[in-house]
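**Q** The structure's right below; bear with me while I get my questions together.
The values are calculated or read from the model by the stated rules, or taken from the named source; none is laboratory data. On a predicted model such as this, the values are computed, not experimentally measured, just so you know. Every residue, glycine among them, receives a Cβ derived from its backbone with ideal geometry; neighbour counts consider all protein chains shown.
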């Protein structure tokens, strides 16, 4: 069987199972999630053995240490995966919830209810925990799933997947609802991106390269996730202590994640006083600063920021800094360079806070808080499948709700039009 | 300036205007819609003259009568367009509505509010009224719009658009919010489908060919609309009089539209009694019937239905008919061949009605009513931009709500993570 046929077969099996999945009760889904969590812990040695083989190969290929760290599993990380599944079981089931209901003048009763999307394709990179997270979230929301993980984690993913699928089917989940692509052939992804007949959506999880590739080539609808060029704007009236605390947190608490700050904008009226303090605080945290010309007049030891810096997600201890004339210039800069993720203003001015929130185009717009809060748990949704940076369907942290769609149910007594 | 540059420029101008559009008040938007409606009626001679030129060219090209009918405008149709804009003005403004609000344990206040999508691209075919409908709906929902109509209606569309844009800007709508592609070069569409930097969504409105082309090539997110292979399942316990009334209505009241029935499924227990009556009723309405082998045993004068028939949207007075063993076979057939639009069961059996509604995968699933009701006005949403047959973002008739997205507004007092 060639790859095209193989992928078609998996996707078609998922589609068939999806019709049954839509009818599975919450009780059965939760029992399955509990069994899936248990089996990961009980059979952890199997996963660790597969993971050791993946790690050996990755080391031989000379992968970076940060990469190896993402790939590596231990008992603790496996327990976290299991805990994640248990948390998903504890979340309310979104399926069946109604959000519109009316009786029309002709007597037709119309209800709109939440239903699963159908089959969700997940394309992801090195972290093997995504296998469990994604399978759990898709299952709880009544969807079938087709998983395609990174080739470097293939053995780990395969081991996790096999345990999960067996436990799920044993608990009454329809056979075929969980599908995993075992091949490491990159062409599998290209094929997946065009399985419109079977897949209802594809969600890429990984680096900017992967996401761009999926968005650009997929004819299946995509939910774009991940990349974050997040800004902090320190307004004229900002409380300096608060601004410094927020800026340091947004930049340094976890620089590699998408809700970390990449650029700080500061009002020109306070820049001469604020920037030297910021520089001191950031240098203490080993952050490299790159400033615009005006910033460098104030702090000459900063490197020079180029046009490219404004459009770069460093994911590292680097911060670009720009002095702006006013709120409007800050908003314009953000709307030009941001990726629609998270933005914050530090201000004591009510009108400016309000205007910033209305005019800045991003999933999450903060006043006087760190951008680092953009996260499913922090927002109160529980586990998330990613952070959407597009506007269609889902925006910001995507919990179970984002994995559902709608359906209209209409009751009549013979009405015709 | 080449076409690529021209399209970029238009889309960039729309994007710039979109930031301002998001802040325009409902009052200003409604005044603009009223002014747009008025100008269409007051300057109708200008539109009719442009339309006459389009019609002359279309006739010279030998276009079909049904095509010319869709292209043709008269005073009455122009008044309908104006009336449509006035109805949009009367609809509630969806922007700013909140649908989630919480205070987190750390004191962060999180609200989720409805916001415009940004810039909406509309690619459409012959009907010039789409120019006014789409411009009106996008404007009311706070979006900028880039319109690309069919080349055969270029003069009509251009005339309508110019009047609308002038009236809108005069009423305080930000300049640039309304963009129209004047060129008839087909390449303009291909360019549009990749303007990811500027366009937030593309909605195609037209025939299956156009929609397929957009879905397959666009890297901008697409909302798929339109095609409808709708079924009526006449269950064992159906009231025959009701079933006949619904079937005749669903097939013949307007056979060219997407919510018309294409295939009738009938339970084998009642087929021998029901099908002859159906045949008589349909033949009275000049409907050509194509039956499966079992149906033709009962009504030998029916043509034979092939595999292709089950997958065809006739859009015409043709009906395919299949006898099924039971509810499950009906559901399986529908889930295999439908396009996710509208399906109905005629039954007196509660359990079957319930199961049909849960198991059939479509935007609208009816019990004892004609599929012809799937429509924005009939559902109580007012004017619609199309009927979504995909599951992501919007499903079924898309009113103003479907042209909005979400944004999280977060207030803090210096919280860090």
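**Q** Please count how many residues of region B:192-221 are more than 14 Å from chain A (Cβ to nearest Cβ) and crowded, with 19+ Cβ neighbours inside 10 Å.
**A** Within region B:192-221, residues that are more than 14 Å from chain A (Cβ to nearest Cβ) and crowded, with 19+ Cβ neighbours inside 10 Å number 3.
**Q** Any chance region B:278-300 includes a residue that's under 25 Å from residue B:396 (Cα atoms) and at pLDDT 95 or above?
**A** no
**Q** Look through A:284, A:268, A:304 and report the one residue that is touching a residue at least 40 places away in the same chain (Cβ under 8 Å), surrounded by fewer than 17 Cβ atoms within 10 Å (Cβ to Cβ) and in contact with a helix residue (DSSP H, G or I) (Cβ under 9 Å, 6 or more places away or on another chain).
**A** Just one listed residue meets the conditions, A:268.
**Q** Still on this structure, I have one more. Is it the case that some residue within region A:303-321 is under 20 Å from residue A:395 (Cα atoms) and touching a strand residue (DSSP E or B) at 6+ places or on another chain (Cβ under 9 Å)?
**A** yes
**Q** Test residue B:94 against the stated conditions and say whether it is within 30 Å of residue A:382 (Cα to Cα) and either part of a helix (DSSP H, G or I) or touching a helix residue (DSSP H, G or I) at 6+ places or on another chain (Cβ under 6 Å) (or both).
**A** Yes: the conditions hold for residue B:94.
**Q** Moving on to the next point. Looking only at region A:379-414, how many residues end up being in contact with a strand residue (DSSP E or B) (Cβ under 8 Å, 6 or more places away or on another chain), crowded, with 21+ Cβ neighbours inside 10 Å, more than 7 Å from chain B (Cβ to nearest Cβ) and in a loop (DSSP other than H, G, I, E, B)?
**A** The qualifying residues number 6.
**Q** Give me the residue from region B:19-29 that is outside any helix (DSSP H, G or I) and at the interface with chain A (Cβ under 9 Å from one of its Cβ atoms) and, out of that set, surrounded by the fewest Cβ atoms within 10 Å (Cβ to Cβ).
**A** Going through the qualifying residues, I end up with B:23.
**Q** Right, here's the next one. Can you tell me which residue within region A:324-355, out of those that are more than 10 Å from every other protein chain (Cβ to nearest Cβ) and in a loop (DSSP other than H, G, I, E, B), is farthest from the chain's Cα centre (by Cα)?
**A** Applying the filter and picking the extreme gives A:325.
Residues are listed down the side, and each one gets a yes or a no for (1) in a helix (DSSP H, G or I); (2) loosely packed, with under 14 Cβ neighbours inside 10 Å; (3) within 14 Å of chain A (Cβ to nearest Cβ); (4) touching a strand residue (DSSP E or B) at 6+ places or on another chain (Cβ under 7 Å):
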position: B:10; (1), (2), (3), (4): yes, no, no, yes
position: B:17; (1), (2), (3), (4): yes, no, yes, yes
position: B:31; (1), (2), (3), (4): yes, no, no, no
position: B:34; (1), (2), (3), (4): yes, no, no, no
position: B:55; (1), (2), (3), (4): yes, no, no, no
position: B:62; (1), (2), (3), (4): no, yes, no, no
position: B:77; (1), (2), (3), (4): yes, no, no, no
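**Q** While we're here: Look at residue B:157 and say whether it is within 14 Å of another protein chain (Cβ to nearest Cβ), at pLDDT 95 or above and part of a helix (DSSP H, G or I).
**A** It is false that residue B:157 is within 14 Å of another protein chain (Cβ to nearest Cβ), at pLDDT 95 or above and part of a helix (DSSP H, G or I).
**Q** A further question follows. Residues of region B:356-371 being touching a helix residue (DSSP H, G or I) at 6+ places or on another chain (Cβ under 6 Å), assigned to a helix (DSSP H, G or I) and at the interface with chain A (Cβ under 7 Å from one of its Cβ atoms), which ones?
**A** B:359 - this is the single residue of region B:356-371 that is touching a helix residue (DSSP H, G or I) at 6+ places or on another chain (Cβ under 6 Å), assigned to a helix (DSSP H, G or I) and at the interface with chain A (Cβ under 7 Å from one of its Cβ atoms).
**Q** Taking the options A:176, A:136, name whichever one is part of a helix (DSSP H, G or I) and either at positive phi or crowded, with 22+ Cβ neighbours inside 10 Å (or both).
**A** A:136
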